[in-house]
Each structure stands twice: as structure tokens, then as C-alpha cells.
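Below is one structure, written out as C-alpha cells; comments come after it.
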Amino acid sequence: MAWRERIAADPEVLAGKPVVRGTRLSAELVLELLAAGETEEQLLSDSPRLTREDVRECLAYASYLAHEFSALPLSA
């Protein structure tokens, strides 16, 4: 999976949270900003070290986590 090349967890960086490699931007933050409606262009403008591929790999990482998570079905 390509996200493993771009998303890294190091106990010395952001207390071990998964970050975009080479930055101090957590994958969690990138995903929260996208979920809040920020566009990819806004993210790239606000964080010059972030690339389009980084954003896509954050999404791929979230997809991986969603597939790995086992839970009871949500009730209506």
C-alpha cells in the first residue's frame, strides 16, 4: 500500500500520531480538515510541504482503518 510510504508514526513526533512523512502534519488533522469542508487546494496552499499525493494517501490510510475496524452494526 502506498500510504505506508507517506504516513509514518514515530514516538518522537507528535507523540507517535501518524503524520505525513517529512512533516508534523498528522493524518488525523488532514482528514478532519477535509471532513470539515476544506478543499484540497486550500490544504495545499496552507501547507506548502503537503502534496496532492500526501492528501490522497491520508484518505487511503483512513480507508484502510475503516476496513480494519470491526464493530457491531450501527443501530438506526
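Laboratory data are not the source of any read-out in this text; all were calculated from the coordinates shown. Only a predicted model underlies this, so the values are computations on that prediction, with no experimental measurement involved. Heads up, the Cβs are rebuilt from the backbone with ideal geometry, glycines too, and the neighbour counts pull from every protein chain shown.
Report the full-extension gain for the segment ALA9 to GLU28: residue separation times 0.36 nm, less the Cα-Cα distance, to one decimal in nm.
5.6 nm
Using the alpha-carbon atoms, what tilt in degrees (0 to 90, nearest 10) does helix 52-68 show relative to the longest principal axis of the chain?
With both axes taken from Cα atoms, the answer is about 20 degrees.
Given labels modelled 7 Å from the Cα in the Cβ direction, how far is it in nm from GLN42 to SER70?
Result for the modelled spin labels: 3.8 nm.
Return the long-range amide H neighbours of LEU25 (sequence gap of 5 or more, or a different chain), with a cut-off of under 5 Å between placed amide H atoms.
Result for LEU25 returns VAL20.
State the answer as a single residue: which of SER26, THR51, ILE7 lies farthest towards the positive end of the charge dipole of the stretch 1-58, with beta carbon charges of +1 for Lys and Arg and -1 for Asp and Glu, about the Cα centre.
The listed residue farthest towards the positive side: ILE7.
P(r) of the stretch 6-71 in 5 Å steps, Cα pairs, percent per bin?
Percent of pairs per bin, in order: 3, 18, 29, 25, 17, 7, 2, 0.
List the GluC sites (Glu not before Pro) in the chain that DSSP assigns to loop (not H, G, I, E or B) and whose Cβ has at most 16 other Cβ atoms within 10 Å. Which are they?
Loop-located and lightly packed - GLU12, GLU38.
Which ³J(HN,Hα) values in Hz, rounded to whole numbers, follow from the phi angles of the stretch 25-35 under the Karplus curve 6.51 cos²θ - 1.76 cosθ + 1.60, where θ = phi - 60° and Gly and Pro get x?
Those phi angles translate into 8, 6, 4, 4, 5, 4, 5, 4, 5, 5, 5 Hz.
Starting from the Cα of THR51, step 7 Å toward the Cβ, then list every residue of the stretch 1-35 with an amide N under 14 Å from that point.
Answer for this model: 2-7, 20-23.
Quick one: dipole size for the chain, taken about the Cα centre, charges +1 on Lys/Arg Cβ and -1 on Asp/Glu Cβ, in debye to the nearest 20.
For the chain, the charge dipole is close to 160 debye.
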